[in-house]
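Readers should treat all values here as calculations from the given coordinates under stated rules, not as data from a laboratory. Predicted model only: the values in this text are computed from it and were never measured. Glycine also receives a Cβ, built like all others from the backbone with ideal geometry; neighbour counts cover every protein chain displayed.
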Amino acid sequence: MQMLKYKGYIGSIEASVEDGVLFGKLEFIQPLINYEGETVAQLKAAFEEAVDDYLTYCESQSTEPAKPCKGSFNVRIGHDLHLSAMVTAKEQNISLNDFVKKQIERAVA
């Protein structure tokens with residue numbers, strides 16, 4: 001899936017055939033912020049304007065803007081896989097956190 005990126009924010013790209021419009025929303029943050037355009041160029045411009053407007057609004061309200069992903073998350077993987085990962089990390093003399101981080105880095109590289 002293609003995504004838009006601007007100032008650390010990620011935006012989706014969707015299409016409504018019925019309405020003849022492209023649309024999207026900022027992903028991975030709590031406030032719902034959406035945008036639309038009739039062409040890809042218009043959609044990209046609307047996305048960037050939505051990000052800028054959101055940041056301006058937050059500044060005017062003296063609030064911290066939501067950031068996509070805070071850098072930590074919980075994963076439920078079951079007892080056996082958890083134990084296997086712990087043993088493997090211990091054998092490599094690294095923490096479970098570092099082991100999981102390395103595996104994710106490999107998967108998304």
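Conditions (1) surrounded by 13 or more Cβ atoms within 10 Å (Cβ to Cβ); (2) out of contact with any Cys (no Cβ under 8 Å at 6 or more places or on another chain); (3) not in a loop (DSSP other than H, G, I, E, B), marked per residue:
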{"site": "GLU48", "(1), (2), (3)": "yes, yes, yes"}
{"site": "VAL51", "(1), (2), (3)": "yes, yes, yes"}
{"site": "SER62", "(1), (2), (3)": "no, yes, no"}
{"site": "CYS69", "(1), (2), (3)": "no, yes, no"}
{"site": "ARG76", "(1), (2), (3)": "no, yes, no"}
{"site": "ASP80", "(1), (2), (3)": "no, yes, yes"}
{"site": "LEU83", "(1), (2), (3)": "no, yes, yes"}
{"site": "MET86", "(1), (2), (3)": "yes, yes, yes"}
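Would you mind telling me which numbered condition in (1) under 17 Å from the mean Cα position of the chain (by Cα); (2) at negative phi GLU59 fails?
All conditions are met except number (1).
May I ask you to verify whether GLN30 is without any contact (Cβ under 8 Å) to a residue 24 or more places away in the chain, among the polar types (S, T, N, Q) and not in a helix (DSSP H, G or I)?
Numbers: without any contact (Cβ under 8 Å) to a residue 24 or more places away in the chain: no; among the polar types (S, T, N, Q): yes; not in a helix (DSSP H, G or I): yes.
Here the answer is no, as GLN30 does not meet what is asked.
Which residues, taken from segment 40-97, are without any contact (Cβ under 8 Å) to a residue 40 or more places away in the chain, among the aliphatic types (A, V, I, L, M) and closer than 25 Å to GLN2 by Cα?
Correct list: VAL40, ALA41, LEU43, ALA45, ALA46, ALA50, ALA66.
Can we say ALA46 is out of contact with any Lys or Arg (no Cβ under 9 Å at 6 or more places or on another chain) and among the aliphatic types (A, V, I, L, M)? Walk me through it before giving the result.
Details: out of contact with any Lys or Arg (no Cβ under 9 Å at 6 or more places or on another chain): yes; among the aliphatic types (A, V, I, L, M): yes.
So ALA46 fits the description; yes.
I'd like the full set of residues that are within 28 Å of the chain's Cα centre (by Cα), surrounded by 12 or more Cβ atoms within 10 Å (Cβ to Cβ) and of a type in the set (D, E, K, R), limited to segment 88-109.
ASP98, LYS101, LYS102
Can you tell me which residue in segment 1-17 is farthest from GLU27 (Cα to Cα), limited to those that are assigned to a strand (DSSP E or B) and among the hydrophobic types (A, V, I, L, M, F, W, C)? Talk me through it step by step, then tell me what you get.
Within segment 1-17, the first condition is being assigned to a strand (DSSP E or B), and the residues that meet it are 4-6, 9-11, 14-16.
Filter once more, so that each one left must be among the hydrophobic types (A, V, I, L, M, F, W, C): 4, 10, 15.
Details: LEU4: 10, ILE10: 6, ALA15: 16 Å.
Per the criteria, the residue is ALA15.
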